[in-house]
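Participant: The structure's right below; bear with me while I get my questions together.
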Amino acid sequence: QVQLVESGGGLVQPGGSLRLSCAASGTIFRINSMNWYRQAPGKQRELVAAITSGGSTNYVDSVKGRFTISRDNAKNTVYLQMNSLKPEDAAVYYCKAQLMRVVAGALYDYWGQGTQVTVSS
């Protein structure tokens, strides 16, 4: 089995920072993309940031210049550094990994359980 565990969420004041982590464990041969999504109450889940196995990144416009996605391939871990947080960034943040469990196996998406980010004074 494969498990993704997120951590690092919490309550922060506007303008503050948080760093989210998501560690993948289990039978994993290779991880391709690793992504962060978020879902606020009453809204659809949206892709916030993505990073390929080679380190190429992509961000939704609303977080460009404030959020940074990175990964440690040796640890099968993806991070999301969030700076200058705004109330509209508040949501449950989920990580997703597209990975291959065995050599020449199929690619599957796995999701973490989510971590709450609250931005409020």
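The values are calculated or read from the model by the stated rules, or taken from the named source; none is laboratory data. Just so it is clear, the model here is predicted, and its values are computed rather than measured. All Cβ positions, even for glycine, are placed from backbone atoms using ideal geometry, and neighbour counts span all protein chains on display. Accessible surface areas use protein heavy atoms only, side chains included; no ligands, DNA or RNA. Shrake-Rupley method; radii C 1.70, N 1.55, O 1.52, S 1.80 Å.
Participant: Quickly run through the range 28-41 and pick out the residues that are in contact with a helix residue (DSSP H, G or I) (Cβ under 9 Å, 6 or more places away or on another chain) and not in a strand (DSSP E or B).
Facilitator: 40
Participant: Also, quick follow-up: Which one of the conditions (1) closer than 18 Å to residue 117 by Cβ; (2) open to solvent by 30 Å² or more (accessible area, probe 1.4 Å); (3) part of a loop (DSSP other than H, G, I, E, B); (4) touching a strand residue (DSSP E or B) at 6+ places or on another chain (Cβ under 9 Å) does residue 44 fail to meet, given that it meets all the rest?
Facilitator: Here residue 44 clears every test but (4).
Participant: Pull out all pairs, ordered by first then second residue, where Cβ-Cβ is under 9 Å, the residues are six or more apart or on different chains, the first lies in the range 110-121 and is part of a strand (DSSP E or B), and the second is of a type in the set (Lys, Arg).
Facilitator: Every condition considered, the pairs that remain are 110/96; 111/96; 117/38; 119/86.
Participant: Further question: Would you check which residues across the range 68-100 are under 12 Å from the mean Cα position of the chain (by Cα) and without any contact (Cβ under 8 Å) to a residue 24 or more places away in the chain and list them?
Facilitator: 68, 70, listed by residue number.
Participant: Name the pairs whose Cβ atoms lie under 6 Å apart, with the first residue in the range 1-12 and within 13 Å of residue 82 (Cα to Cα), the second open to solvent by less than 20 Å² (accessible area, probe 1.4 Å) and in a loop (DSSP other than H, G, I, E, B), and 6 or more positions between them or separate chains?
Facilitator: Pairs that qualify, where the first residue is within 13 Å of residue 82 (Cα to Cα) and the partner is open to solvent by less than 20 Å² (accessible area, probe 1.4 Å) and in a loop (DSSP other than H, G, I, E, B), are 12/85.
Participant: For the range 85-99, name all the residues that are closer than 13 Å to residue 46 by Cα and either of a type in the set (Val, Ile, Thr) or part of a loop (DSSP other than H, G, I, E, B) (or both).
Facilitator: 90, 92
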